[in-house]
Amino acid sequence: MFSNKYNVDGRLVVITGGSQGLGFALAKNLYLKGANVIIISRTKTKLLNCVEEIKKLSQKEGQFVDYVAADLSKYEECERVYEYLVSKKLLPDDLICCAGIAYPQKFAKIPISKIDEGIDINYKTVVYFVHAMLPLITERVREQHLVLCSSVIASYAFYGYSQYAPMKAAVKAFGDCMRHELLPYGVNVHTVFPGNFESEGYAQENLTKPALTKEIEGASPAISAEKCAEIVVNSLQNGSLYIYTDFIGWVLGSFSLGLNPREWWFAQIFLSFIGSLVGRLVDLYHEHLIRRQSREEAKQK
Ligand SMILES: NC(=O)C1=CN([C@@H]2O[C@H](COP(=O)(O)OP(=O)(O)OC[C@H]3O[C@@H](n4cnc5c(N)ncnc54)[C@H](OP(=O)(O)O)[C@@H]3O)[C@@H](O)[C@H]2O)C=CC1
Ligand SMILES: CCCCCCCCCCCCCCCC(=O)[C@@H](N)CO
C-alpha cells in the first residue's frame, strides 16, 4: 500500500528508552537527518540532558525535540503519554521501542525482582505502549513505522540469559502479530535483532554476566551504540523488516527463517540449509564448554 522505505526528514518519531544507549543514539541520528523526536524514559534529569544535547544538532528552523518522563511498564503512564500527544496535537509518524534490560546470570542466582523487571521492561513497555498508542496509529491510513527492539538472543537462547531471552522472543512474536494486524493502516512493523553494542545497559549487564555467557556471545563483539543506530536507520531506509546489526546475528536469523521476513533470498535460504545441517553442532560445542566448566568447578571443591 505504502512504500516500506523510510524517509526520515520531517517525520515525528517517538522513541522509548531514548535517554541512553541505542534509543538516544537513534534519536540523535534521526534528528540529524531532519526528524522531530520525542524521547521517553523514566528519569527526567537524564532526559533533560539528552534534549539539550539533541538540540545542538538542529538542522533547520522549527525542528522539534521533546521528552516525556514515564514508566511505560505501567499502563496509566502509557495513557499519560497518549494524552500528552493528543493535548499538543502531535501525531507521531513512527514509534521506536528501545527500552529493555538484561540481567545475565545463572537462573538459580536471579532474584524474583529481576525476573519481574525483565518482564516489565522488556515486554510490558512494548505491549502496553503500543496498545495505548493504537488510537493514534489507527486514526487514519498513512505510512508509519513501528520499530521493536528484540535481540539476536531471540534466534538462539543460551546459558545465562534465562531472565531476558524469553522476553525478547516474546517481543519478536508480538511484532509478527502486529505486522499482520496493522497492515491495513499502512504501518510497517520492523523488528531489530541487535548483536552486542556498547551502552550503559551493556556495561551494567557485564557486571553479572557469567564467564561462559561471555565466551558464547564473544562471537558478537560489541559495536558502538552510534554504529548500531546507523545500521538500524540504514536498514529502515532500505525497507528491511527484520534488522540485524552484525554478521553473526544475520547468520543466526537465517538459521531460523521459518515463515519470517527475509532478504537476500538465496543467501539466507542457503544459510538456513547450512544451519539445519550444522546448527546442532554449534550448540553441542556450547554444551561441551558447559560440561568442561562444571568438571573444573567440581575439581576445585
Ligand atoms: N546493549 C546490547 O548489547 C543489546 C541491547 N539490546 C536491546 O536494545 C535495547 C537498547 O539497549 P541499550 O541501549 O543497551 O539499553 P540501556 O539499558 O542502555 O537503556 C535502556 C533505556 O530504557 C529506559 N527504560 C528502562 N526502563 C524503562 C521503563 N520502564 N519505561 C521507560 N523507559 C525505560 C532507560 O531509561 P530509565 O532507566 O531512565 O527509564 C534507558 O533510556 C534494549 O531493548 C536491549 O534489550 C539487544 C541486543 C544487544
Ligand atoms: C556458525 C554459527 C556460530 C554461532 C555462534 C553462536 C554465537 C551466539 C552469539 C549471540 C550474541 C547475542 C548478542 C545479544 C546479547 C544481548 O541481547 C544482550 N547484550 C542484551 O543487552
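For region 188-242 and region 1-73, what is the separation of their C-alpha centers, rounded to whole Å?
Computed from Cα coordinates, the inter-centre distance equals 19 Å.
Per 10 Å bin, what is the whole-percent P(r) computed from every C-alpha pair distance within region 50-121?
P(r) for region 50-121, in whole percents per bin: 14, 34, 29, 17, 6, 0.
For the chain, what is the convex hull volume of the alpha-carbon atoms per residue, in Å³?
127
Please give the per residue accessible area of the chain, computed with a probe of 1.4 Å over protein heavy atoms only, in Å².
On the way: 14610 Å² over 301 residues.
Dividing the accessible area of the chain by its residue count gives 49 Å².
Please turn the phi angles of region 90-99 into ³J(HN,Hα) values with the Karplus equation 6.51 cos²θ - 1.76 cosθ + 1.60 (θ = phi - 60°), one per residue in order, whole Hz, x for glycine and proline.
Using θ = phi - 60°, the values come out as 9, 10, x, 8, 9, 10, 10, 9, 10, 4 Hz.
Too long at a 20 Å Cα-Cα cut-off: which of Lys109/Lys172; Lys33/Lys60; Lys5/Lys55; Lys106/Lys214; Lys44/Lys114?
Numbers: Lys109/Lys172 26 Å; Lys33/Lys60 10 Å; Lys5/Lys55 26 Å; Lys106/Lys214 13 Å; Lys44/Lys114 23 Å.
Checking Cα-Cα distances, Lys109/Lys172; Lys5/Lys55; Lys44/Lys114 exceed 20 Å.
Please give me the summed charge of the neighbours of Leu212: other residues whose Cβ is under 12 Å from its Cβ, Lys and Arg +1, Asp and Glu -1. Numbers along the way, then the final one.
Values: positive: Lys106, Lys209, Lys214, Arg291, Arg292; negative: Glu215, Glu217, Glu287, Glu296, Glu297.
Around Leu212, the surrounding residues sum to 0.
On a C-alpha basis, how far is the centre of region 148-166 from the centre of region 254-272 in Å? Whole number, if you could?
Each part's Cα centre sits 19 Å from the other's.
Keeping the other protein chains in place, figure out the carbon and sulfur percent of the accessible area of region 203-301, with a 1.4 Å probe. It would help to have the intermediate numbers written out before the result.
On the way: 3760 of 5970 Å².
Carbon and sulfur together cover 63 percent of it.
Using the Kyte-Doolittle scale, which helices in the chain average at least 0.5 and also have C-alpha atoms spread 15 Å or more along the helix axis, with helices defined as whole DSSP H runs? Numbers along the way, then the final one.
Values: long enough: 21-32 (17 Å, 1.01); 44-55 (16 Å, -0.34); 75-87 (18 Å, -0.65); 125-137 (17 Å, 1.88); 165-181 (24 Å, -0.24); 225-237 (18 Å, 0.32); 265-300 (50 Å, -0.15).
Span-like helices in the chain: 21-32, 125-137.
The values are calculated or read from the model by the stated rules, or taken from the named source; none is laboratory data. In this text, all values refer to a predicted model and were calculated from it rather than measured experimentally. Heads up, the Cβs are rebuilt from the backbone with ideal geometry, glycines too, and the neighbour counts pull from every protein chain shown. In case anyone asks, the SASA skips ligands and DNA or RNA and just uses the protein heavy atoms, side chains included. Shrake-Rupley method; radii C 1.70, N 1.55, O 1.52, S 1.80 Å.
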